[in-house]
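The values are calculated or read from the model by the stated rules, or taken from the named source; none is laboratory data. This is a predicted model, so every value here is computed, not measured. All Cβ positions, glycine included, derive from the backbone under ideal geometry; neighbour counts span all protein chains shown. These area figures cover heavy atoms from the full protein model, side chains too; ligands, DNA and RNA do not enter into them. Shrake-Rupley method; radii C 1.70, N 1.55, O 1.52, S 1.80 Å.
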Amino acid sequence: MTADPAGPRNYDYIVVGSGAGGGPVAANLAAAGFKVLLLEAGADAVELAAPRLPEDYHVPAFHAFASENPAIKWDFFVRHYADDAAQRRDGKFIGEKDGVLYPRAGALGGCTAHNAMILVYPHNDDWDEIAALTADASWKSENMRKYFQRIEDCRHRPTAFWLNRLLGVNPSRHGFGGWLSTEWSVPREARGDRELRTIVERCAVQASREIGDRLKRLRWFLKTRADPNDWRSVRENAYGIRLLPLTTRRHMRVGSRERVLAVARRHPQRLTVELNALATRVLFDGGNRATGVEYLKGERLYRAHADPAPRAGEARQAYAAREVILAAGAFNTPQLLMLSGIGPRRELERHGIPVRVELSGVGNNLQDRYEISVVYRMKEGWKMMAGASFTRDDPQYRQWERHREGIYAGNGGVLAIIKKSKPDRLPDLFCLGLLANFRGYFPGYSKLIAQRQDYLSWVVLKARTENAGTVRLRSADPRDVPRINFDYFPAGKSAQEDLDAVVDGIRFVRALSARMSEHIAEEELPGKKLQSQEELRQFVKDNAWGHHASCTCPIGAPEKGGVVNGNFQVHGTKNLRIVDASVFPKIPGFFIVSAVYMIAEKASDAILADAQAAGNPQERVRARPVGQDASR
């Protein structure tokens with residue numbers, strides 16, 4: 001490796017990763033007055049001169065194409081089972097890759113650059129359980145809500161907005177002045193498609209019958225307007241029919257990228273965004289105090305990229321006077337820790353890496369949802385999607401481009417239902433109706449969406465799962481993708497209950513679809529032949545997937561597998577924190593991005609509080625609390 005020709009650079013903070021965790025943290029620290037370096041291994045999707053960009057980024061309905069855009073996609077291939085026979089029963093398994101496709105994004109904004117933009121609030125129990133684990137009341141759900149309100153700019157509840165604005169009354173506890181705007185996902189055109197409207201209405205009626213307790217559900221529906229993020233709904237663990245809030249502004253994607261760029265424009269002297277910068281290890285002093293980051297500068301360096309560069313790039317170093325914050329995600333954060341000598345002793349020694357801090361929990365406890373699709377081919381195409389080719393050349397795109405209206409203004413979801421798999425559980429099933437042929441992730445999966453417009457897919461998502469896989473190094477080369485095994489449905493009662501819960505979700509959406517049988521040509525997946533409990537259990541085991549990887553560097557005591565404490569500090573080190581999905585002890589809620597955005601705000605408060613306590617009489621810009629950030 002060669003040295004940085006410009007010499008080492010010095011900052012107050014260095015943040016590795018610009019996704020839902022790292023991007024907001026870097027922006028918050030810079031807005032509060034500190035000099036921050038944000039390292040992102042990818043490029044900016046909007047600035048790339050690449051096919052379909054920036055449309056794939058901006059247009060909500062194009063999110064699947066963004067995840068397969070070769071300019072920004074990082075393709076991980078993961079295993080669900082260690083057993084080869086079990087793994088090969090999954091039709092999505094790619095033998096030469098020894099895994100199933102798990103799309104990630106190497107771009108400014110991380111996976112917020114290609115996700116489906118769904119923002120659904122976690123369960124309050126998710127926060128209260130962390131509060132109990134850490135004996136820290138600041139993690140309690142009542143307190144955590146303020147972080148959601150801080151970031152959100154709710155644009156889909158105008159009555160709630162004016163009640164808050166004029167009277168100071170806000171029972172919904174939405175935020176109305178944050179940097180992350182939210183809008184409803186279903187376009188007005190859906191109401192004009194008579195067949196679709198009939199199907200949705202029939203499904204809604206049947207869902208109410210299946211779920212039961214119709215009067216109570218109706219009361220909540222009227223009070224909260226089917227809003228899963230209304231505080232009254234969250235507080236009561238309500239279930240039933242829901243609309244989908246998306247992170248869009250005027251029906252264009254917004255996420256971590258927009259937050260970072262807004263602060264960088266306002267404070268260019270404080271926030272430096274270094275793109276195409278692959279972090280390779282954390283630098284330490286003679287003890288275990290983090291002092292900086294070593295990284296490789298260059299395009300397409302990580303081998304998850306569709307077209308990885310043949311050369312390693314230019315070695316550089318940057319130094320942080322205060323802290324290094326890792327936010328590279330549930331796969332790359334444990335990889336970076338292990339490359340830096342922090343992790344399970346046996347794993348480090350196997351790759352010849354000197355052990356700096358032995359932490360057995362690094363790379364363990366990998367968790368995800370279980371998801372499965374029930375796919376129907378309809379007798380006729382959806383009228384509202386006539387002419388849709390998901391390119392710039394169709395009338396649907398022109399309608400979106402000119403007026404920010406039409407089917408491309410949403411993400412394809414038309415109906416969402418939250419339910420319990422058992423009466424004594426928290427709501428743990430999220431059933432989402434998509435106007436698309438979606439069967440999970442495999443190379444080229446997005447092409448199915450563009451090819452035909454006569455499909456309806458019900459995606460059944462199981463939350464609060466019981467699985468714990470691993471992330472292990474493939475080699476000591478930081479450009480290599482780690483080995484990942486999710487260890488689906490392990491032996492034990494809890495995992496088998498998860499399996500039965502997913503089957504319950506399949507039976508539920510089949511009951512809904514029975515109400516529209518005259519419109520259905522065929523159930524293509526799982527197919528009518530699979531009806532018994534055991535047949536459906538095997539179908540789920542063979543075909544399930546996920547896309548919310550988390551929990552590989554969890555909060556908790558080190559002797560119990562914990563990697564960080566309740567203030568996000570890595571055990572056995574100083575000035576090193578982790579702020580991303582890897583820190584959760586248990587995977588939260590239904591869609592993880594809302595929880596990651598929230599902990600980014602909490603971590604920002606903790607970091608700034610420590611900075612204030614440490615003091616620095618030479619600080620040229622007085623640090624402000626995050627809530628006083630003028631750039632909002």
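Based on what the data block shows, is ASP75 within 17 Å of the chain's Cα centre (by Cα), surrounded by 21 or more Cβ atoms within 10 Å (Cβ to Cβ) and modelled with pLDDT of 95 or more?
In short, yes.
Go through region 538-559 and give me each residue that's without any contact (Cβ under 8 Å) to a residue 40 or more places away in the chain and either among the polar types (S, T, N, Q) or open to solvent by 40 Å² or more (accessible area, probe 1.4 Å) (or both).
GLN538, GLU559
Out of curiosity, is GLU68 among the acidic types (Asp, Glu), surrounded by 17 or more Cβ atoms within 10 Å (Cβ to Cβ) and at pLDDT 95 or above?
yes
Among the residues of region 69-100, what is the count of those that are more than 19 Å from ASN467 (Cβ to Cβ) and touching a strand residue (DSSP E or B) at 6+ places or on another chain (Cβ under 7 Å)?
So the answer is 7.
Working only within region 109-119, note down all residues that are among the aliphatic types (A, V, I, L, M) and in contact with a strand residue (DSSP E or B) (Cβ under 7 Å, 6 or more places away or on another chain).
Once the filter is applied, which keeps residues that are among the aliphatic types (A, V, I, L, M) and in contact with a strand residue (DSSP E or B) (Cβ under 7 Å, 6 or more places away or on another chain), region 109-119 yields ALA113, MET117, ILE118, LEU119.
Can you give me the ranges of the helices (runs of 4 or more DSSP H) entirely in region 130-204 with at least 3 residues that are over 24 Å from TYR376 (Cβ atoms) and open to solvent by 40 Å² or more (accessible area, probe 1.4 Å)?
Ranges flagged: 141-151, 158-162.
Search region 569-582 for residues that are at positive phi and pair each with any residue that is surrounded by fewer than 22 Cβ atoms within 10 Å (Cβ to Cβ) and aliphatic (A, V, I, L, M) when their beta-carbon atoms are under 8 Å apart and the residues are at least 6 apart or on different chains.
Pairs found: GLY572/VAL357.
Tell me which residues, restricted to region 9-36, are open to solvent by less than 10 Å² (accessible area, probe 1.4 Å), among the hydroxyl-bearing types (Ser, Thr, Tyr) and not in a loop (DSSP other than H, G, I, E, B).
TYR13
Do we find a residue being modelled with pLDDT of 95 or more, under 29 Å from ASP454 (Cβ atoms) and acidic (Asp, Glu) anywhere in region 598-609?
So far as region 598-609 goes, no, none of its residues is modelled with pLDDT of 95 or more, under 29 Å from ASP454 (Cβ atoms) and acidic (Asp, Glu).
Please specify each residue of region 389-406 satisfying the condition of being among the small types (Gly, Ala, Ser) and open to solvent by 10 Å² or more (accessible area, probe 1.4 Å).
SER389
Looking only at region 358-378, decide whether some residue is part of a helix (DSSP H, G or I) and either closer than 30 Å to PHE590 by Cα or open to solvent by 50 Å² or more (accessible area, probe 1.4 Å) (or both).
Scanning region 358-378, I find no residue that is part of a helix (DSSP H, G or I) and either closer than 30 Å to PHE590 by Cα or open to solvent by 50 Å² or more (accessible area, probe 1.4 Å) (or both), so the answer is no.
From the list ALA409, ALA386, which one is small (Gly, Ala, Ser), open to solvent by less than 10 Å² (accessible area, probe 1.4 Å) and either closer than 30 Å to ILE484 by Cβ or touching a residue at least 24 places away in the same chain (Cβ under 8 Å) (or both)?
Just a single option satisfies the conditions, and that option is ALA409.
Determine whether region 201-219 contains at least one residue that is under 18 Å from ARG157 (Cα atoms) and either out of contact with any Asp or Glu (no Cβ under 6 Å at 6 or more places or on another chain) or modelled with pLDDT of 80 or more (or both).
Yes, there is a match, as at least one residue in region 201-219 is under 18 Å from ARG157 (Cα atoms) and either out of contact with any Asp or Glu (no Cβ under 6 Å at 6 or more places or on another chain) or modelled with pLDDT of 80 or more (or both).
For region 479-523, enumerate the residues that are of a type outside the set (A, V, I, L, M, F, W, C), touching a Lys or Arg at 6+ places or on another chain (Cβ under 7 Å) and over 22 Å from GLY546 (Cβ atoms).
ARG479, ASP480, ARG515, HIS519, GLU522, listed by residue number.
Six or more apart or on different chains, Cβ atoms under 8 Å: show the pairs whose first residue is in region 274-289 and open to solvent by less than 20 Å² (accessible area, probe 1.4 Å) and at pLDDT below 95 and whose second is of a type outside the set (A, V, I, L, M) and part of a strand (DSSP E or B).
none
Has region 92-99 got any residue that is within 18 Å of PRO308 (Cβ to Cβ) and open to solvent by less than 20 Å² (accessible area, probe 1.4 Å)?
yes
Within region 261-306, how many residues turn out to be in contact with a Pro (Cβ under 8 Å, 6 or more places away or on another chain) and not in a loop (DSSP other than H, G, I, E, B)?
Adding up the residues that qualify gives 6.
Counting just the residues of region 510-535 that are assigned to a helix (DSSP H, G or I) and at pLDDT 95 or above, which one comes out most open to solvent (accessible area, probe 1.4 Å)?
GLU534
Within region 307-333, restricting attention to residues that are touching a Leu at 6+ places or on another chain (Cβ under 9 Å) and in a helix (DSSP H, G or I), which residue is most open to solvent (accessible area, probe 1.4 Å)?
ASN332
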